[in-house]
Structure formats: C-alpha cells, structure tokens
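To keep things clear, I will list the structure first and then write my remarks on it.
The values are calculated or read from the model by the stated rules, or taken from the named source; none is laboratory data. Model, not experiment: these values are computed from the prediction. Glycine gets a Cβ as well: all are built from the backbone with ideal geometry, and neighbour counts include every protein chain shown. For the accessible areas, the whole protein counts, side chains as well, though only heavy atoms, and no ligand, DNA or RNA atoms are used. Shrake-Rupley method; radii C 1.70, N 1.55, O 1.52, S 1.80 Å.
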Amino acid sequence: MKTVGVRDLPGVGRVIADKLKHNHFTETCEDLQKISLQTLKQDLGIKTGQSLYNLCRGIDDKSKLEYDEERKSVSAEINYGIRFLKIEEAEKFLFQLCTEVVRRLHDVSPESNLTARQLTLKAMLRSADAPVETRKFMGHGICDSFSKSANFSSLTNDVDVIKREVSVLLKIILKSNNRQISDLRGLGIQLSKLEKSSKKVPSILSFMKKNVESAT
C-alpha cells in the first residue's frame, strides 16, 4: 500500500487530497501512515479520519465478500459452427444444448434438487445485409440478437419439458422476425428464477441413462 497515491483511495476527492498535501505534505499511503489517527480525525472529522487511517493500511470493512450468494441463473450458449438447413437439425442441436444446461443446473448444487421457473432462448440471426459466408470460417459474422422467454407451469429441471418449450420458442423467434432456419448463427438457453425443490423430478443422470438404454 505504501506506493499507492492518496487520491487513489476510495472516497478521496480533490478537496481531501489537497488538504492532506497542504497540511501534512501527504501524497502517498506511506506518507499517510505516518499521521496519527487522532490528527486525521481532528483534520478530517472522526468518520473520514478513521476511514483513511484504515484504507492507507489496506483495511476496508465496508465491503464484505458474500460467499454463499445463491445462483440466479444457469445458461449454455454456442455461437460458432451454427449452420442448419432444416428445423429438425436445429431442434436436435437445441435438445443437446438442453441436456448440457440441465447438467450445469445439477452441478450448481448437486446435493439439492435445483429447479427453474423461467426459460429464455437466445438466438443470433444473420443480419439481412450480412454475407452468408463469414470472414471467419463457420463464425457467426454480423448478426441481430433476439430472445424469447417463457414461464414453466411449475418448477422443473426435466429435460423433456425444457425441450418442448425450447422448440416452441425457436419457431416463435423465426416467425415473428420473418427469418429462415438457415439464418441461425448462435443459440443459447438460460434457466432462471431458480429454487430448491423437495419434489422428486427426473435428474439429468437418470435422463442420460434412459437415453443410453434406449439406444442399445
């Protein structure tokens, strides 16, 4: 902290900095550390004096770190290599993205049954005046971004439920903006309004196991 300028400390403006420099020839935290707490309180007031006394020593008890803040949303997005000719191709990709976002939802809090109330589909669509072939191979190029949200009828982390909603939202975005499936350049799924639920719903692990068994 010794080399940090007094003016760089939080809450120190030109008036305080000039006063410290004029009264105590103080420009750095090293200079400030040489001034007693009593003197700082007398010159700047009890609150400001105490604050600067602490700050120049790297002590700040105003901002506490919150380690247990609950997650507000979980998402998965892809904006590279998105090229589809049929709606079925886009849906197949989106369904894989649904599996990934639910897996991430599970990973956020494996010990609890975390569920979502809201789903948002984000889509990047090639701008009307943008070339079909992008400068970067399979990149998204110049795009317009759109999003559409929907609330589930009840809290869920069921992949099949999310798949159905995503499919509907994709068609709405394309139709309302008069775009073709070939214009898609990026897709993202976000689950939000997360809550812990005591109700047993199919987990991502059981879903994946069921798919493997049906495939074999």
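With respect to being crowded, with 16+ Cβ neighbours inside 10 Å, modelled with pLDDT of 90 or more, more than 14 Å from L184 (Cβ to Cβ) and among the aliphatic types (A, V, I, L, M), V166 falls outside the description. For segment 130-163, filtered to residues that are β-branched (V, I, T) and more than 16 Å from E91 (Cβ to Cβ), the residue that is modelled with the highest pLDDT is T156. Among the residues making up segment 102-141, those that are open to solvent by 20 Å² or more (accessible area, probe 1.4 Å), in a loop (DSSP other than H, G, I, E, B), within 19 Å of E77 (Cα to Cα) and in contact (Cβ under 8 Å) with a residue 24 or more places away in the chain are M138, H140, G141.
Just one of the listed residues (K171, K209, K200, K196) is open to solvent by 30 Å² or more (accessible area, probe 1.4 Å), basic (K, R) and at pLDDT 90 or above, namely K171. Checked against (1) open to solvent by 40 Å² or more (accessible area, probe 1.4 Å); (2) outside any strand (DSSP E or B); (3) over 20 Å from I181 (Cβ atoms), N151 passes all but a single condition, namely (2). For D144, the criteria (1) more than 13 Å from Q190 (Cβ to Cβ); (2) outside any strand (DSSP E or B) hold in every case but one, which is (2). Here R104 fulfils each of the conditions (1) at pLDDT 95 or above; (2) within 19 Å of T156 (Cβ to Cβ) apart from (1).
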